[in-house]
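Taken together, the values in this text are just the output of simple stated rules run on the coordinates, not laboratory data. Quantities reported herein were computed from a predicted structural model and do not represent experimental measurements. Quick reminder, even Gly has a Cβ in these numbers, built from the backbone with ideal geometry, and neighbours come from all protein chains shown.
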Amino acid sequence: MRTFTGEQWLMRIFIGENDHYGHRPLYEVLIELFRKEGCAGATVLRGIAGFGTHRAYHTDRLLELSHDLPLIIEVVDSHEKLTGLLTALDGYMGGGTITMEQVTVYRYGSS
Amino acid sequence: MRTFTGEQWLMRIFIGENDHYGHRPLYEVLIELFRKEGCAGATVLRGIAGFGTHRAYHTDRLLELSHDLPLIIEVVDSHEKLTGLLTALDGYMGGGTITMEQVTVYRYGSS
Amino acid sequence: MRTFTGEQWLMRIFIGENDHYGHRPLYEVLIELFRKEGCAGATVLRGIAGFGTHRAYHTDRLLELSHDLPLIIEVVDSHEKLTGLLTALDGYMGGGTITMEQVTVYRYGSS
């Protein structure tokens, strides 16, 4: 059954695979945060190349980019929920970029 | 040659790698549907971690997330085309989330 | 420290893994271009399946799709910067699709 959830927001967090919080990979910590905060879902995508959003590169050699592959973490939820998450994220993010945009959302489920 | 296609829509379908339709992976069935419906293109991205949009998790253990990796299927087309697809998708989707948003589109091609 | 960068644009370039410029993979050439042009960052995602945006398929057999996996290259920057890049991209793109959309951007950094 399709449910029209209406206008919600997509938050996308650009970090690096080598980013950590304490001794744990940052993306794992963030996924755990989103689950605890009751988000409907989250997805972590890993790029095969990239540069920059997570930290500065001091080289021009493309090969060195592969040492810290870019990650994009996506969460779709209400604007209120994501605004609250943004404040929570400030305690974890040492670098990187977050984008937010409005999307129309349909949810499927058996209930 | 660049062609300005104008305002179109991006549809993104969040499902799980283990989702099936009959005996076939759901993402394969959907890609085939989009080709038959004459869409200009479609892309399937696989996440490295995630939770939730495709089915409920009854555990807090992060390791178990890897058993059903999240997929995002992307299609860019006219609003009319995507609205028609949405109705067709209702017959295939048992769970998951679909988002739609307007984008400006440029197409490149030799013709 | 979180910095509100305000309204910027997300450019997404859909090409194929087999697309080349000269003897080099096109995605590498584009990433290099974005670095030289001073973009804050870029990310290359590789799909696991797909069709169409990068070149026409003359087969219905899904298995053949895997020969040229789809890539999505993402750049977040000002509208002015991306408009300039679009003109530069015309010299490299032989096929494919580019989408642009407005997003709200927050940057994190130590400075």
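Which whole number gives the average count of other chain Cβ atoms within 10 Å of the Cβ atoms across peptide A:72-78?
Taking all residues of A:72-78 together, the mean is 4.
In peptide C:91-100, how many Cβ atoms from other protein chains are near each Cβ within 10 Å, on average?
Rounded to a whole number, the mean comes out at 6.
If Lys and Arg each add +1 and Asp and Glu each add -1, what is the summed charge of the other residues whose beta carbon sits under 10 Å from the beta carbon of B:ILE48?
Net charge in that neighbourhood comes out at +1.
At 1.567 mPa s and 4 °C, plugging the Kirkwood radius over alpha-carbon pairs of region A:2-108 into Stokes-Einstein gives what diffusion coefficient in µm²/s?
Using the Kirkwood radius from Cα pairs, D works out to 88 µm²/s.
Please give the peptides B:86-95, A:31-40, B:43-52 ranked by average Cβ packing (other Cβ atoms within 10 Å per residue), highest first, as a rough proxy for protection.
B:43-52, A:31-40, B:86-95
Please compute the modelled spin-label separation between A:ASP90 and B:THR3, points set 7 Å along Cα→Cβ, answer in nm with one decimal.
Placing both labels 7 Å along Cα→Cβ, they lie 4.8 nm apart.
Less than 28 Å apart at the alpha-carbon level, and either on another chain or at least 8 residues along: which lysines does that give for C:LYS36?
C:LYS81
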